[in-house]
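What follows is a set of notes on a single structure, which appears directly below.
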Amino acid sequence: MEENAQYLYITDRGFKALVKGLLKERRVYGTVRKDGFPAFKEISGAEEIELVQTPTHLSAKEFLFPQREVLLKFDIKDNTHEAVVEAGDQAIIGLHPCDIRAIGLMDRVFSCGAQDVNYLARRGRTILIGSDCMPDRYCFCKSLGDTDVDSGFDIFLHRLKTGFIARTGTEVGADLIRKFAGPRMPSPRELTELEGLRTRREGSFTATLEAPPEALPGIYAMSDESPVWERIGSICYGCGSCNNVCPTCYCFDVRDEVRANLNDGERVRTWDGCTLDDFARVSGGHDFRKTRAARLKHRFNRKFRYLSGRFDSLFCVGCGRCSRACLVRINIAEVTNELIRESYKK
Amino acid sequence: MRDFERPKAAFFSFTSCEGCQLAILSCEEALPEILKRIEVVNFREAMSERSDDYKIAFIEGSVSTEEEIARVTKIRERADFVVALGACATTGGLNCLKNRFPMDDVKRIVYGKDAGQIETVPARPIDSVIKVDYRLHGCPISGKEFLAFFADLVMGRSPRTPNYPVCVDCKMAGNICVFEKGMYCVGPVTRAGCDAICVTYGSVCWGCRGYVDDPNVNAHRETLKRYGLTAKGVAQKLDLYGGKKQ
């Protein structure tokens, strides 16, 4: 382990002191159990956090790209308007490697072309703290490349039986650890424990893709006529849950809302989803993706093909949230494997 | 904003609890603004005066007597624009539960020896009798949606009816899916716009807004069965709010 120098050991008390220190200066969101299931939630004390190892049902994107945000306030009578950027200092604790990679992709989306000031202002004031995970039966990040991250976070915590190994990814993160957590160099025994955890995790994946990640855009490009789309389209609700739980689905709608005085109003951005019935309906009632099959095909292609051309990266991080949330059990890894098998026959 | 003659509006109650009109009256801060824009000439729950001269008619309730059929038809003749207020008016609502029985049985069960004095027909949404221009869904309607609709109406914009399932509102609210919690709901086929209020407060979606425009009811039937409901249970879940699922 040549990179030992980047690794620090902090105690459980050091972790709590870190959270407490963050709470003094910013809003803190952490992983908790909600109705027994892993979820992100705003916390007010370190004891509330439980570093849950399986993925949260919803991703952490709402803290950077809220479900609903005001972009503009306007006054019709005075013909005036004022841009609104709602951003404050915040920290997100308990992000898994897939979540951190997803935020990296969102950063690229929202800074590509016209800069999205609302997202970027919020992102610039956000500290990201990662923590270890264990795959459940829907996780397949291993098939998409890395199961771990080397960057994209300020601090990454590996839970040991006692205390944590902390990796720092930015100067900000290193400063926070020094200031609050009382770090020391890890002992060889602690580093061995970390290696053991990593090995156990690597061996715990059950969902896998049957082709390497670099082959996926090509396989999807061959799949336009596949019978898979009609089959999954026939059972899909078009409920948008896959979009809403996805850490890299970033589509939104913008509307002007006017108050009952017919004068003051707000321009509001809300999440939208490409699997919803009205997503591709435009003026005059024309709808260029009328069926659920067409909409699902679009979503899958966005994850594995369309965006890879623009950003040189797949847009699925393998977190499995869409499969987990789907009541009719459309499973993104299984669908992709079907397309892979079809492509071998061609 | 230029001055204009306020359009006259009237509110009517049919077979209902009048809770949707109460939801409007509860928008207290906005009421003075609303009254600057429309002149209310008829509103049984809020005022004594009555007039039959109106352009906009808000109708709450389902139609469940011959007399109501005649009355709603008359309202349609007088009004330029008819708005159905709430589940009873838009889908028939809970009142349609009685349609599962013969009308004579219903009268006897509810009114006993006085059943003979009661006249009733199967309950139905108002658009099964008259043309409806706009629907505000829900049991009761949401004050927030009413205010947005009001602003659109008076400004001449097309009001937008949500056409996505309650699952969207649930995810927006950060709820854990009720199926994960071992309960059943009809959210995946039900029109949203309610902010998933029932699920957020620990209950399930009962479907009060009726179906989305293109619901995958077959898929939902399969889901409910897979999670352990019987065929009868599935039918009861899907049919609770009204025979007609707008």
| field | Cross-chain or 6+ apart pairs with Cβ under 7 Å, the stretch B:155-170 first and under 16 Å from A:Val258 (Cα atoms), then crowded, with 16+ Cβ neighbours inside 10 Å and of a type in the set (A, V, I, L, M) | value | B:Met155/A:Val258; B:Met155/A:Leu262; B:Pro159/B:Leu153
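When you check B:Gly138 against the structure, is it on the phi > 0 side of the Ramachandran plot, touching a Gly at 6+ places or on another chain (Cβ under 9 Å) and crowded, with 19+ Cβ neighbours inside 10 Å, yes or no?
yes
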| note | (1) within 13 Å of chain B (Cβ to nearest Cβ); (2) under 19 Å from B:Gly174 (Cβ atoms) all hold for A:Asp287 apart from (2)
| query | Counting only residues that are outside any loop (DSSP other than H, G, I, E, B) and either buried (at least 20 other Cβ atoms within 10 Å of the Cβ) or in contact (Cβ under 8 Å) with a residue 60 or more places away in the chain (or both), how many does the stretch A:268-298 have? | reply | 10
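Quick check, is A:Thr248 assigned to a loop (DSSP other than H, G, I, E, B) and closer than 27 Å to A:Ala60 by Cβ?
Numbers: assigned to a loop (DSSP other than H, G, I, E, B): yes; closer than 27 Å to A:Ala60 by Cβ: yes.
Considered against the rule, which asks whether it is assigned to a loop (DSSP other than H, G, I, E, B) and closer than 27 Å to A:Ala60 by Cβ, A:Thr248 comes out as yes.
Mind listing whichever residues of the stretch A:59-75 are part of a strand (DSSP E or B) and either of a type in the set (Asp, Glu) or touching a Lys or Arg at 6+ places or on another chain (Cβ under 6 Å) (or both)? I'd like the intermediate steps shown before the answer.
Restricting attention to the stretch A:59-75, the residues satisfying the condition of being part of a strand (DSSP E or B) are A:68-75.
Those that are part of a strand (DSSP E or B) and either of a type in the set (Asp, Glu) or touching a Lys or Arg at 6+ places or on another chain (Cβ under 6 Å) (or both): A:Glu69, A:Leu71, A:Leu72, A:Asp75.
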| When residues of the stretch A:34-57 are limited to those that are facing chain B (nearest Cβ under 10 Å) and out of contact with any strand residue (DSSP E or B) (no Cβ under 7 Å at 6 or more places or on another chain), the one surrounded by the most Cβ atoms within 10 Å (Cβ to Cβ) | A:Phe37
| remark: Taking the stretch B:212-246 and keeping residues among the aromatic types (Phe, Trp, Tyr) and under 17 Å from B:Ile141 (Cβ atoms) leaves B:Tyr241
| With respect to the numbered conditions (1) in contact (Cβ under 8 Å) with a residue 12 or more places away in the chain; (2) not in a helix (DSSP H, G or I), which one is the sole condition not fulfilled by A:Ala260? | (1)
| request: Return only the number of the condition from (1) under 20 Å from A:Leu64 (Cα atoms); (2) open to solvent by less than 30 Å² (accessible area, probe 1.4 Å); (3) among the polar types (S, T, N, Q); (4) within 11 Å of another protein chain (Cβ to nearest Cβ) that A:Thr248 does not satisfy. | output: (4)
| Residues of the stretch A:163-184 satisfying the condition of being open to solvent by 40 Å² or more (accessible area, probe 1.4 Å), without any contact (Cβ under 8 Å) to a residue 40 or more places away in the chain and part of a helix (DSSP H, G or I) | A:Glu171, A:Asp175, A:Arg178
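From the set of residues in the stretch B:116-134 that are of a type in the set (S, T, N, Q) and open to solvent by less than 70 Å² (accessible area, probe 1.4 Å), which is nearest to B:Ser64 (Cα to Cα)?
Of the stretch B:116-134, the ones of a type in the set (S, T, N, Q) are B:117, B:120, B:128.
When the remaining residues are screened for being open to solvent by less than 70 Å² (accessible area, probe 1.4 Å), the result is B:120, B:128.
Details: B:Thr120: 6, B:Ser128: 11 Å.
Taking the candidates together, the pick is B:Thr120.
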| So A:Lys61 fits all but one of (1) surrounded by 17 or more Cβ atoms within 10 Å (Cβ to Cβ); (2) away from chain B (no Cβ under 14 Å); what number is the exception? | (2)
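Scan the stretch B:167-175 and give yes if some residue there is over 28 Å from A:Cys274 (Cα atoms) and open to solvent by 10 Å² or more (accessible area, probe 1.4 Å), otherwise no.
Just the residues of the stretch B:167-175 that are over 28 Å from A:Cys274 (Cα atoms), to begin with: none.
Checked the stretch B:167-175: no residue is over 28 Å from A:Cys274 (Cα atoms) and open to solvent by 10 Å² or more (accessible area, probe 1.4 Å).
When you go through B:Leu97, B:Leu31, B:Leu85, B:Leu25 one by one, which is the residue that is open to solvent by 20 Å² or more (accessible area, probe 1.4 Å), in contact (Cβ under 8 Å) with a residue 24 or more places away in the chain and not assigned by TED's automatic domain parsing to the domain that holds B:Asp213? Full working, then the answer.
Working: B:Leu31 fails: in contact (Cβ under 8 Å) with a residue 24 or more places away in the chain; B:Leu85 fails: open to solvent by 20 Å² or more (accessible area, probe 1.4 Å); B:Leu25 fails: in contact (Cβ under 8 Å) with a residue 24 or more places away in the chain.
Being open to solvent by 20 Å² or more (accessible area, probe 1.4 Å), in contact (Cβ under 8 Å) with a residue 24 or more places away in the chain and not assigned by TED's automatic domain parsing to the domain that holds B:Asp213 holds for just one of B:Leu97, B:Leu31, B:Leu85, B:Leu25, which is B:Leu97.
Within the stretch B:141-161, restricting attention to residues that are in contact with a strand residue (DSSP E or B) (Cβ under 9 Å, 6 or more places away or on another chain) and within 9 Å of chain A (Cβ to nearest Cβ), which residue is farthest from B:Ala192 (Cα to Cα)? Explain how you work it out, then say what you get.
Going residue by residue through the stretch B:141-161, those that are in contact with a strand residue (DSSP E or B) (Cβ under 9 Å, 6 or more places away or on another chain) are B:141-142, B:145-146, B:148-149, B:151-153, B:155, B:157, B:159-161.
Among the residues that remain, those that are also within 9 Å of chain A (Cβ to nearest Cβ) are: B:148, B:151-152, B:155, B:157, B:160.
On the way: B:Ala148: 15, B:Ala151: 20, B:Asp152: 19, B:Met155: 24, B:Arg157: 21, B:Arg160: 12 Å.
Top of the filtered list is B:Met155.
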| message | Please go through (1) modelled with pLDDT of 95 or more; (2) out of contact with any strand residue (DSSP E or B) (no Cβ under 8 Å at 6 or more places or on another chain); (3) open to solvent by less than 40 Å² (accessible area, probe 1.4 Å) for B:Cys198 and return the number of the only condition it doesn't satisfy. | response | (3)
| task | For residues that are within 13 Å of A:Asn118 (Cβ to Cβ), away from chain B (no Cβ under 11 Å) and open to solvent by less than 70 Å² (accessible area, probe 1.4 Å), tally how many sit in the stretch A:64-83. | result | 6
| query | So is A:Arg231 within 14 Å of chain B (Cβ to nearest Cβ) and open to solvent by 50 Å² or more (accessible area, probe 1.4 Å) or not? | reply | yes
| Looking at (1) surrounded by 20 or more Cβ atoms within 10 Å (Cβ to Cβ); (2) part of a helix (DSSP H, G or I); (3) hydroxyl-bearing (Ser, Thr, Tyr), which is the one condition that is false for A:Thr199? | (1)
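Looking at the stretch A:4-24, which of its residues are surrounded by fewer than 21 Cβ atoms within 10 Å (Cβ to Cβ) and modelled with pLDDT of 95 or more? Steps first, answer last, please.
Initial filter on the stretch A:4-24 (surrounded by fewer than 21 Cβ atoms within 10 Å (Cβ to Cβ)): A:4-7, A:11-14, A:16-17, A:20-21, A:23-24.
Selection gives A:Thr11, A:Asp12, A:Arg13, A:Gly14, A:Lys16, A:Ala17, A:Lys20, A:Gly21, A:Leu23, A:Lys24.
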| note | Of the candidates A:Asp146, A:Asp78, the one satisfying the condition of being modelled with pLDDT under 95, over 21 Å from A:Gly30 (Cα atoms) and not in a strand (DSSP E or B) is A:Asp146
| said: Checking the structure you have, find out if any residue of the stretch B:161-184 is of a type outside the set (S, T, N, Q) and closer than 20 Å to B:Cys27 by Cα. | reply: no
| message | Restricting to the stretch B:217-237, and then to whatever is touching a Phe, Trp or Tyr at 6+ places or on another chain (Cβ under 9 Å) and within 25 Å of B:Ile126 (Cα to Cα), can you tell me which residue is surrounded by the fewest Cβ atoms within 10 Å (Cβ to Cβ)? | response | B:Val217
| Which numbered condition A:Glu86 misses (of (1) in a loop (DSSP other than H, G, I, E, B); (2) within 14 Å of chain B (Cβ to nearest Cβ); (3) over 23 Å from B:Glu180 (Cβ atoms)) | (2)
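The values are calculated or read from the model by the stated rules, or taken from the named source; none is laboratory data. Predicted, not measured: the structure shown is a model, and the values here were computed from it. Note that each Cβ is placed from the backbone with ideal geometry, even for glycine, and that neighbours are counted across all protein chains shown. For the accessible areas, the whole protein counts, side chains as well, though only heavy atoms, and no ligand, DNA or RNA atoms are used. Shrake-Rupley method; radii C 1.70, N 1.55, O 1.52, S 1.80 Å.
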